[in-house]
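The values are calculated or read from the model by the stated rules, or taken from the named source; none is laboratory data. Computed from a predicted model, the values in this text were never measured in an experiment. Note: ideal-geometry Cβ built from the backbone for every residue, glycine included; neighbour counts use all protein chains shown.
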Amino acid sequence: MLSDSAILSVNKITKSFGDTCIFKDISFELNEGEVLSVLGQSGVGKTTLLRVIANLTLPCTGSVSIPEVNKDKIGFVFQNYFIFPWLCVRQNVEFGQAEKNSEDVDRILADVGLLEYRDSPTNNLSGGQLQRLAVARSMILKPKLLLMDEPFSDLDVHNKSKLYELVRGLVTNHKMSFIIVTHDVSESVKISDRIVVLSGIPASVGNTFVVRDFARNELENEIIKLLNKSHDSQPDK
């Protein structure tokens, strides 16, 4: 059951591969215009959870509730971009359009800071520009919710800062919501309104933090303690 402000609800999701349970009883809601990070160490199933939310794989138990009006308005930015190298920047963005609309493409490229590169081959772009192009490709479908899998992991400090600004700008100007998967504590605190921390084996929600309720250093320390406690409780291999 969705609360009035929620655009998505994850309800007791459990996922296993064979006899191995990856995560169990994951539950949280996402509110309209919110950036929510799903944070956890490698191997806790963060990407798999994102794929369940996107309906790219099915959970073993549980469900994802989305209002009917938003079911076709979910974008996904994959970790490896999925850019078509034989197409120019503009053609990559146009690819998802049922009917080509150059004004929409130019507006979106301007939003992500790539308008001047619209006719450039993608091999001329930096890593940060490729990530922004991946966001632009998702935006052409005018999503209400954008799912992002480790979107900042391969970027330098300057490009990370630019992407943070882009995400917050899309929230403000387009009323978009985000679920961002990351393993970087500092990153999650900088970009998020709320942080869902996955911990344990199999993973479950260790805690959920509202970022504005904490000083930045205090919150980072709380999350690190939670992750370290989870790591220390794991059996030796």
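Within the set Leu58, Leu39, Leu8, the sole residue that is touching a helix residue (DSSP H, G or I) at 6+ places or on another chain (Cβ under 8 Å) and surrounded by fewer than 20 Cβ atoms within 10 Å (Cβ to Cβ) turns out to be Leu58. Exactly one residue out of Ile140, Ile180 is more than 14 Å from the chain's Cα centre (by Cα), closer than 26 Å to Leu56 by Cβ and among the hydrophobic types (A, V, I, L, M, F, W, C), and it is Ile140. Please find, within segment 117-130, the residue that is surrounded by the fewest Cβ atoms within 10 Å (Cβ to Cβ) out of those that are part of a helix (DSSP H, G or I) and among the small types (Gly, Ala, Ser). Among residues in segment 117-130 that are part of a helix (DSSP H, G or I) and among the small types (Gly, Ala, Ser), the one surrounded by the fewest Cβ atoms within 10 Å (Cβ to Cβ) is Gly127.
Kindly establish whether Leu133 is of a type in the set (A, V, I, L, M), in contact with a helix residue (DSSP H, G or I) (Cβ under 9 Å, 6 or more places away or on another chain) and surrounded by fewer than 19 Cβ atoms within 10 Å (Cβ to Cβ). Here the answer is no, as Leu133 does not meet what is asked.
Pairs linking a residue in segment 50-65 that is over 16 Å from Ile179 (Cβ atoms) and not assigned by TED's automatic domain parsing to the domain that holds Phe28 to a residue that is of a type in the set (Ser, Thr, Tyr) and surrounded by fewer than 16 Cβ atoms within 10 Å (Cβ to Cβ), with Cβ atoms under 8 Å and 6 or more positions apart or on different chains, do not occur.
With respect to Tyr117, is the statement that it is aromatic (Phe, Trp, Tyr), at pLDDT 90 or above and either farther than 29 Å from Gln41 by Cα or touching a helix residue (DSSP H, G or I) at 6+ places or on another chain (Cβ under 7 Å) (or both) true? It is true that Tyr117 is aromatic (Phe, Trp, Tyr), at pLDDT 90 or above and either farther than 29 Å from Gln41 by Cα or touching a helix residue (DSSP H, G or I) at 6+ places or on another chain (Cβ under 7 Å) (or both). Within segment 105-116, the set of residues being hydrophobic (A, V, I, L, M, F, W, C), in a helix (DSSP H, G or I) and touching a residue at least 24 places away in the same chain (Cβ under 8 Å) comprises Val105, Ile108, Leu109. Note on segment 68-127: residues that are under 30 Å from Leu2 (Cβ atoms) and among the hydroxyl-bearing types (Ser, Thr, Tyr) amount to 0. Residue count for segment 166-218 under the criterion of being assigned to a helix (DSSP H, G or I) and touching a Gly at 6+ places or on another chain (Cβ under 8 Å): the result is 2.
Here segment 82-104 is the region considered, the condition is being outside any helix (DSSP H, G or I) and among the small types (Gly, Ala, Ser), and the residue that is surrounded by the most Cβ atoms within 10 Å (Cβ to Cβ) is Gly96. Kindly indicate the residue of segment 1-28 that is over 15 Å from Ser204 (Cα atoms) and of a type in the set (D, E, K, R) and also nearest to the chain's Cα centre (by Cα) among those meeting that condition. Applying the filter and picking the extreme gives Asp4.
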